[in-house]
Number of protein chains: 2
Amino acid sequence: MVPRPRIKDVAEYAGVSPKTVSNVINDYEHVSERTRTAVREAIDALGYRVNLAGRQLRRGRTGMLALVVPELDVAYFAELARHVMLEADRRGGTVLIHETGGRRERELAAVSGFDAQFTDGVILSPLALLPRDLTGRDTRLPLVLLGERTAPGGADHVGIDNVLAAREATEHLLARGRRRIAVVGGALRGPQGTDRLRTHGYRAALGAAGLPFDSGLVVPVPAFHWQDGARAATELVTRRDPPDALLCLNDHLALGAVRALHERGLSVPEDLDVVGFDDIEASRFSIPTLSTVAPDKRDIARAAVHLLMDRIDRPEDGPPPVEHVAGHRLIVRESSGG
Amino acid sequence: MVPRPRIKDVAEYAGVSPKTVSNVINDYEHVSERTRTAVREAIDALGYRVNLAGRQLRRGRTGMLALVVPELDVAYFAELARHVMLEADRRGGTVLIHETGGRRERELAAVSGFDAQFTDGVILSPLALLPRDLTGRDTRLPLVLLGERTAPGGADHVGIDNVLAAREATEHLLARGRRRIAVVGGALRGPQGTDRLRTHGYRAALGAAGLPFDSGLVVPVPAFHWQDGARAATELVTRRDPPDALLCLNDHLALGAVRALHERGLSVPEDLDVVGFDDIEASRFSIPTLSTVAPDKRDIARAAVHLLMDRIDRPEDGPPPVEHVAGHRLIVRESSGG
DNA sequence: CCATGGCATTACATCGATGTAAATAGTCCG
DNA sequence: CGGACTATTTACATCGATGTAATGCCATGG
């Protein structure tokens with residue numbers, strides 16, 4: 001087996017020094033046209049490719065970012081991942097994706113760079129992480145948090161205005177005359193995650209409309225999957241005093257709920273309205289199509305990548321953490337009368 | 001900013017040589033208990049973490065695998081990715097995911113390790129790759145192909161029996177009395193991809209049943225997304241002689257088709273049957289639930305990871321390419337009378 | 001008491017690329 | 001033609017970890 005050519009081999013082939021080859025590779029300006037061409041030819045002839053390990057060792061950078069999400073098969077994260085990859089690509093970076101399954105220990109590992117050894121920085125979408133997990137973390141590893149404001153820790157944050165978004169969605173349902181709106185996936189206590197923020201927005205909408213708040217309508221779920229939505233919906237409609245609308249905190253929950261309702265002979269939006277969050281592609285093709293809060297994923301990905309790369313480019317002098325509020329809009333589809 | 005401690009720092013702190021620290025880290029057996037403990041303590045005290053670039057440079061391995069798929073937001077690939085990550089984890093590997101968007105140049109880059117510089121091997125799910133792209137490729141980079149048999153090239157292959165699977169699905173529809181079955185996403189010519197193999201199986205089923213083959217019912221699509229299924233379905237049912245069943249080559253196409261049919265007032269399975277491929281989670285919760293050919297994703301992922309890692313572990317003496325046929329089963333749900 | 005051999009530890013070189021600083025080659029001007 | 005610069009190119013050290021081979025240590029046996 002022929003070993004991979006090294007920069008030294010190229011140098012010999014081209015009759016120059018290794019450093020000159022390096023200069024050509026890195027587009028150093030003071031290289032004569034003749035030498036440049038000769039080196040290029042040598043590179044082609046030998047099929048030379050930079051060895052990134054060597055480069056990284058020398059430069060101290062990998063050019064790789066870690067994107068750490070709970071689950072890739074939650075469509076929102078897959079869609080987000082693609083945007084992040086595109087953005088990173090545009091800036092010459094590569095993305096390494098990690099799944100945490102929402103487990104705190106894995107998220108912790110991510111922020112401490114344990115998983116991310118090869119990585120210059122991390123974009124993390126936390127689920128189980130506690131605020132205190134971030135205090136005192138090793139700030140040598142730049143970090144951007146997505147979704148939740150896990151508060152202080154010298155990390156930038158990117159997310160939509162969850163409170164406002166939930167409030168708008170709720171107001172939409174109220175405007176449709178719905179009065180008993182359940183929050184599937186909501187939370188009243190526990191860490192300040194998106195679930196709590198959205199529940200808060202929901203409550204604000206009720207308050208503004210002068211309606212009473214019934215904590216029984218806030219239904220936590222074990223995970224944000226189809227089946228969790230289905231179970232929650234089933235439970236809700238078999239109550240004595242069932243809801244007339246479901247505000248589901250993601251589209252999977254919503255679609256699972258719609259299906260469960262269908263199985264019990266209830267139809268959406270005739271009997272109940274359903275609204276989700278995330279605007280995954282499935283929501284545009286489901287029966288009925290799903291109303292949903294669409295976060296601007298492109299904006300989120302772009303902001304996250306840029307914040308991260310900026311911080312990587314300028315270690316030391318970290319400016320204070322940045323808070324980027326990405327756009328969102330409520331898309332009304334069939335599931336709430338659209 | 002405090003620089004990251006190096007192995008040398010640990011050595012000094014523990015009062016031993018760098019190599020001894022390395023020995024401890026790598027569980028070399030001949031290290032006295034005392035020394036081992038001292039080094040461990042030093043590591044903890046300093047918060048030392050191996051620098052993988054250095055290690056890789058020395059060892060020539062990264063411990064990372066590349067998983068290269070067309071699109072992560074095609075649920076099948078996201079689900080597959082998770083399984084691959086789990087398997088790799090189990091064997092101490094890390095997975096780097098790349099998207100190609102189905103573009104040939106990106107797939108080519110993948111098999112030549114261009115993207116995959118940091119990678120010991122590649123698992124590729126090709127879409128546009130031609131058989132000849134693999135002949136004469138640099139076999140220093142172990143490669144496992146998924147899905148299609150892109151034929152010779154010294155690469156292992158993992159996939160289901162596409163011909164058989166399509167045949168079974170078709171036979172199921174025939175058994176239901178359907179006679180004009182369209183193949184959405186099918187192909188009669190072009191590279192020997194899964195689409196052609198499945199179309200072949202479909203044809204075999206027709207032949208076995210003594211039914212004529214109508215090439216007009218084989219409908220290619222630009223991509224395998226919801227909207228492509230929707231378009232194809234719309235086009236099909238507005239024909240003079242519309243089909244009575246759709247065999248869609250993935251679940252996205254199928255679900256998009258179901259939606260389009262719904263919009264034209266046709267209901268599934270009363271008016272038409274629809275069957276998909278992949279068994280993505282959405283298919284279990286759609287209205288109607290979707291019949292589909294479920295490939296054993298876990299098996300596929302496991303086989304792919306093991307084949308790849310085995311080949312990485314033993315470079316040179318590559319045994320001949322292995323062909324692993326993963327299991328599959330037809331799951332009949334509401335969309336075809338289940 | 002010394003040779004023998006196994007275990008524990010270490011010195012040194014090396015993986016491949018690149019920053020620094022110095023050397024060499026050119027160019028222009030007086 | 002020599003000096004002063006500038007443009008190119010190069011020598012050398014270094015990033016961090018680890019394989020190789022050598023050394024040191026200790027116990028056992030003759």
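The values are calculated or read from the model by the stated rules, or taken from the named source; none is laboratory data. As the structure is a computational prediction, the values presented were derived from the model and not from experiment. Methodologically, a virtual Cβ is constructed for each residue, glycine included, from the backbone with ideal geometry; neighbour enumeration extends over all protein chains shown. For accessibility, only protein heavy atoms count, side chains too; no ligands or nucleic acids. Shrake-Rupley method; radii C 1.70, N 1.55, O 1.52, S 1.80 Å.
Collect the residues in segment B:265-288 that are within 11 Å of chain A (Cβ to nearest Cβ) and of a type outside the set (A, V, I, L, M), keeping them in residue-number order. Reasoning before the result, please.
In the first step, residues of segment B:265-288 are kept if they are within 11 Å of chain A (Cβ to nearest Cβ); the result is B:267-268, B:280-288.
Correct list: B:SER267, B:GLU281, B:SER283, B:ARG284, B:PHE285, B:SER286, B:PRO288.
For B:GLY229, are the conditions met, namely being at pLDDT 95 or above and touching a Cys at 6+ places or on another chain (Cβ under 7 Å)? Outline the logic, then answer.
Details: at pLDDT 95 or above: yes; touching a Cys at 6+ places or on another chain (Cβ under 7 Å): yes.
Answer is yes for this residue.
Which condition number does A:ARG90 fail, the rest of (1) at the interface with chain B (Cβ under 9 Å from one of its Cβ atoms); (2) within 14 Å of A:ALA304 (Cα to Cα) being met?
All conditions pass for A:ARG90, except number (1).
Quick check, is B:ALA254 at pLDDT 95 or above and touching a Cys at 6+ places or on another chain (Cβ under 6 Å)? Working first, answer last.
On the way: at pLDDT 95 or above: yes; touching a Cys at 6+ places or on another chain (Cβ under 6 Å): yes.
Considered against the rule, which asks whether it is at pLDDT 95 or above and touching a Cys at 6+ places or on another chain (Cβ under 6 Å), B:ALA254 comes out as yes.
Answer yes or no: is there a residue in segment B:38-50 that is part of a loop (DSSP other than H, G, I, E, B), within 26 Å of A:ARG59 (Cα to Cα), among the small types (Gly, Ala, Ser) and over 40 Å from the mean Cα position of the chain (by Cα). Even if it seems obvious, please write down each step before you answer.
Of segment B:38-50, the ones part of a loop (DSSP other than H, G, I, E, B) are B:47-50.
This time we only want the ones that are within 26 Å of A:ARG59 (Cα to Cα), so: B:47-50.
Among the residues that remain, those that are also among the small types (Gly, Ala, Ser) are: B:47.
The next check asks that each one be over 40 Å from the mean Cα position of the chain (by Cα); those that pass are none.
Scanning segment B:38-50, I find no residue that is part of a loop (DSSP other than H, G, I, E, B), within 26 Å of A:ARG59 (Cα to Cα), among the small types (Gly, Ala, Ser) and over 40 Å from the mean Cα position of the chain (by Cα), so the answer is no.
Which numbered condition in (1) farther than 24 Å from B:THR94 by Cα; (2) more than 8 Å from DNA strand D (Cβ to nearest atom) is the only one that B:ASP27 fails?
Looking at each condition in turn, B:ASP27 falls short on (1).
Looking at (1) open to solvent by less than 50 Å² (accessible area, probe 1.4 Å); (2) under 21 Å from A:ALA166 (Cα atoms), which is the one condition that is false for A:SER267?
Result: A:SER267 fails condition (2) only.
So B:GLY102 ticks every box in (1) more than 7 Å from chain A (Cβ to nearest Cβ); (2) part of a loop (DSSP other than H, G, I, E, B); (3) out of contact with any Pro (no Cβ under 8 Å at 6 or more places or on another chain); (4) open to solvent by less than 30 Å² (accessible area, probe 1.4 Å) but one. Which box is left unticked?
Here B:GLY102 clears every test but (3).
From the set of residues in segment B:209-233 that are open to solvent by 20 Å² or more (accessible area, probe 1.4 Å) and in contact (Cβ under 8 Å) with a residue 40 or more places away in the chain, which is nearest to B:GLU263 (Cα to Cα)?
Going through the qualifying residues, I end up with B:HIS225.
List pairs: first residue in segment A:14-26 and more than 14 Å from every other protein chain (Cβ to nearest Cβ) and β-branched (Val, Ile, Thr), second residue within 6 Å of DNA strand D (Cβ to nearest atom) and part of a loop (DSSP other than H, G, I, E, B) anywhere in the structure, Cβ distance under 8 angstrom, at least six positions apart or on different chains.
A:THR20/A:VAL31; A:VAL24/A:VAL31
Can you pull out every residue in segment B:106-134 that is over 20 Å from A:ALA88 (Cβ atoms), charged (D, E, K, R) and either assigned to a strand (DSSP E or B) or modelled with pLDDT under 75 (or both)?
Pass one, segment B:106-134, residues over 20 Å from A:ALA88 (Cβ atoms): B:108, B:111-112, B:120-121, B:123-134.
This time we only want the ones that are charged (D, E, K, R), so: B:120, B:132-133.
Residue satisfying the conditions is B:ARG132 alone.
Can you tell me which residues in segment A:14-27 are in contact with a helix residue (DSSP H, G or I) (Cβ under 8 Å, 6 or more places away or on another chain) and not in a helix (DSSP H, G or I)?
The answer is A:GLY15, A:VAL16, A:SER17.
When A:SER291 is evaluated against the numbered criteria (1) within 14 Å of another protein chain (Cβ to nearest Cβ); (2) buried (at least 18 other Cβ atoms within 10 Å of the Cβ), which criterion, by number, is the only one it fails?
(1)
Kindly indicate which of B:ALA45, B:ALA11 is away from chain A (no Cβ under 14 Å), in contact with a helix residue (DSSP H, G or I) (Cβ under 7 Å, 6 or more places away or on another chain) and within 12 Å of DNA strand C (Cβ to nearest atom). Walk me through it before giving the result.
Working: B:ALA45 fails: within 12 Å of DNA strand C (Cβ to nearest atom).
Of B:ALA45, B:ALA11, the one residue that is away from chain A (no Cβ under 14 Å), in contact with a helix residue (DSSP H, G or I) (Cβ under 7 Å, 6 or more places away or on another chain) and within 12 Å of DNA strand C (Cβ to nearest atom) is B:ALA11.
Output the residues belonging to segment B:297-338 that are within 13 Å of B:ASP156 (Cβ to Cβ), over 18 Å from the mean Cα position of the chain (by Cα) and part of a helix (DSSP H, G or I).
Selection gives B:ASP310, B:ARG311, B:ILE312.
Select, from B:ALA53, B:ALA81, the only residue that is more than 16 Å from DNA strand C (Cβ to nearest atom), in a helix (DSSP H, G or I) and buried (at least 17 other Cβ atoms within 10 Å of the Cβ). If you could, list the steps in order and put the result at the bottom.
On the way: B:ALA53 fails: more than 16 Å from DNA strand C (Cβ to nearest atom).
Unique residue meeting the criteria: B:ALA81.
Per-residue answers, yes or no, for (1) modelled with pLDDT under 95; (2) surrounded by 19 or more Cβ atoms within 10 Å (Cβ to Cβ); (3) polar (S, T, N, Q):
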{"position": "B:THR238", "(1), (2), (3)": "no, no, yes"}
{"position": "B:PRO243", "(1), (2), (3)": "no, yes, no"}
{"position": "B:LEU272", "(1), (2), (3)": "no, yes, no"}
{"position": "B:VAL275", "(1), (2), (3)": "no, yes, no"}
{"position": "B:SER286", "(1), (2), (3)": "no, yes, yes"}
{"position": "B:ASP299", "(1), (2), (3)": "no, no, no"}
{"position": "B:ALA303", "(1), (2), (3)": "no, yes, no"}
{"position": "B:ASP313", "(1), (2), (3)": "yes, no, no"}
{"position": "B:ARG329", "(1), (2), (3)": "no, no, no"}
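Quick grid of which residues meet (1) in a helix (DSSP H, G or I); (2) in the same structural domain as B:ARG167 (by TED's automatic domain parsing); (3) farther than 23 Å from B:SER125 by Cβ:
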{"position": "B:TYR202", "(1), (2), (3)": "yes, yes, no"}
{"position": "B:PHE224", "(1), (2), (3)": "no, yes, no"}
{"position": "B:THR234", "(1), (2), (3)": "yes, yes, yes"}
{"position": "B:ALA254", "(1), (2), (3)": "yes, yes, no"}
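Of all residues being within 30 Å of A:VAL21 (Cα to Cα) and in contact (Cβ under 8 Å) with a residue 60 or more places away in the chain in segment A:57-82, which is nearest to DNA strand D (Cβ to nearest atom)? Just the residue, please.
Here is the first cut: in segment A:57-82, the residues within 30 Å of A:VAL21 (Cα to Cα) are A:57-65.
Narrowing further to those that are in contact (Cβ under 8 Å) with a residue 60 or more places away in the chain: A:61, A:65.
On the way: A:ARG61: 12, A:LEU65: 20 Å.
Restricting to residues being within 30 Å of A:VAL21 (Cα to Cα) and in contact (Cβ under 8 Å) with a residue 60 or more places away in the chain, the top hit is A:ARG61.
Quick check: is even one residue across segment B:148-163 surrounded by fewer than 16 Cβ atoms within 10 Å (Cβ to Cβ), modelled with pLDDT under 90, under 21 Å from B:TYR76 (Cβ atoms) and not basic (Lys, Arg)?
No, segment B:148-163 has no match at all.
Among the residues of segment A:141-192, which ones are in contact (Cβ under 8 Å) with a residue 60 or more places away in the chain, of a type in the set (Asp, Glu) and outside any loop (DSSP other than H, G, I, E, B)?
Across segment A:141-192, the qualifying residues are A:ASP156, A:GLU168.
With more than 16 Å from DNA strand D (Cβ to nearest atom), open to solvent by less than 60 Å² (accessible area, probe 1.4 Å) and farther than 17 Å from A:GLU99 by Cα as the only criterion, which of B:ALA128, B:ALA42, B:ALA88 stands out?
On inspection, the qualifying residue turns out to be B:ALA128.
Taking the stated definitions as given, is B:VAL10 near DNA strand D (Cβ under 10 Å from one of its atoms), on the phi < 0 side of the Ramachandran plot and open to solvent by 30 Å² or more (accessible area, probe 1.4 Å)?
Spelling it out, it is not the case that B:VAL10 is near DNA strand D (Cβ under 10 Å from one of its atoms), on the phi < 0 side of the Ramachandran plot and open to solvent by 30 Å² or more (accessible area, probe 1.4 Å).
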